[in-house]
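See structure below.
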Amino acid sequence: MEFESYMHRALEEARAAADRDEVPVGAVLIGPDRKILARDGNRTRELSDPTAHAEMLVIRAGTTRLGSERLTGCDLYVTLEPCAMCAAAISAARIARLYYGAPDPKSGGVAHGARVFSHPQAHHAPEVYDGIGAEASAKLLREMFHDKR
């Protein structure tokens, strides 16, 4: 099977989040059949929910759609390195592969900070591919924070 990146779809969701005045992070969940199961962007402000990160929203939608708490064989594309909360959910959901764009030295939980998948307590560690669409992802974040200042 030939690799296809879905990061452009995650970037679309990040732009939509920015348009809603959310932190511009987008995520796309791909099922084992290589079709999109769920896609969304951050909605913490809109839903008044600190857990409404893009990753959490697509994990919830994907598990509902598949009727299982496990997302075995699924891939997750995210524009920003997941935080510790999202990384723990990715592990619990048994997502096979994680592709993310920009690193997050301040709040990341994969390559920075908690490094959730490296802990012996992690139930599952997905294959991780970073830097996919990193510049476009970082640019969206820089623009949002520049506009806020």
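Within the stretch 53-61, is there a residue that is in contact with a strand residue (DSSP E or B) (Cβ under 9 Å, 6 or more places away or on another chain), open to solvent by 40 Å² or more (accessible area, probe 1.4 Å), assigned to a helix (DSSP H, G or I) and of a type outside the set (A, V, I, L, M, F, W, C)?
So far as the stretch 53-61 goes, yes, one or more of its residues are in contact with a strand residue (DSSP E or B) (Cβ under 9 Å, 6 or more places away or on another chain), open to solvent by 40 Å² or more (accessible area, probe 1.4 Å), assigned to a helix (DSSP H, G or I) and of a type outside the set (A, V, I, L, M, F, W, C).
Assess whether residue 20 counts as being open to solvent by 40 Å² or more (accessible area, probe 1.4 Å), in contact with a helix residue (DSSP H, G or I) (Cβ under 8 Å, 6 or more places away or on another chain) and at pLDDT 95 or above.
Criteria met by residue 20.
Please find, within the stretch 108-137, the residue that is farthest from residue 28 (Cα to Cα) out of those that are touching a strand residue (DSSP E or B) at 6+ places or on another chain (Cβ under 7 Å) and either assigned to a strand (DSSP E or B) or of a type in the set (Lys, Arg) (or both).
If we take residues in the stretch 108-137 being touching a strand residue (DSSP E or B) at 6+ places or on another chain (Cβ under 7 Å) and either assigned to a strand (DSSP E or B) or of a type in the set (Lys, Arg) (or both), then 108 is farthest from residue 28 (Cα to Cα).
Scan 114, 102, 93, 138 and give me the residue that is closer than 18 Å to residue 22 by Cα and touching a helix residue (DSSP H, G or I) at 6+ places or on another chain (Cβ under 6 Å).
102
Condition (residue is open to solvent by 20 Å² or more (accessible area, probe 1.4 Å) and within 16 Å of residue 25 (Cβ to Cβ)) applied to the stretch 90-98: is it met by at least one residue?
no
Checking residue 28 against (1) surrounded by 17 or more Cβ atoms within 10 Å (Cβ to Cβ); (2) part of a loop (DSSP other than H, G, I, E, B): exactly one of these is not met. Which one?
Here residue 28 clears every test but (2).
Take the stretch 18-52 and flag every residue that is aliphatic (A, V, I, L, M) and either under 23 Å from residue 69 (Cβ atoms) or under 13 Å from the mean Cα position of the chain (by Cα) (or both).
23, 25, 27, 28, 29, 30, 36, 37, 38, 47, 52
Tally time: how many residues in the stretch 4-15 are at pLDDT 95 or above and surrounded by fewer than 18 Cβ atoms within 10 Å (Cβ to Cβ)?
Qualifying residue count, the stretch 4-15: 4.
Does the stretch 138-149 hold any residues that are in a helix (DSSP H, G or I), open to solvent by 100 Å² or more (accessible area, probe 1.4 Å) and not acidic (Asp, Glu), and which are they?
Across the stretch 138-149, the qualifying residues are 139, 142, 146, 148.
Would you mention how many residues in the stretch 33-90 are touching a residue at least 24 places away in the same chain (Cβ under 8 Å) and among the hydroxyl-bearing types (Ser, Thr, Tyr)?
Counting residues in the stretch 33-90 that are touching a residue at least 24 places away in the same chain (Cβ under 8 Å) and among the hydroxyl-bearing types (Ser, Thr, Tyr) gives 5.
The values are calculated or read from the model by the stated rules, or taken from the named source; none is laboratory data. Source: prediction; values computed, not measured. Every residue, glycine among them, receives a Cβ derived from its backbone with ideal geometry; neighbour counts consider all protein chains shown. Quick note on the areas: whole protein, heavy atoms, side chains included, nothing else; ligands and nucleic acids left out. Shrake-Rupley method; radii C 1.70, N 1.55, O 1.52, S 1.80 Å.
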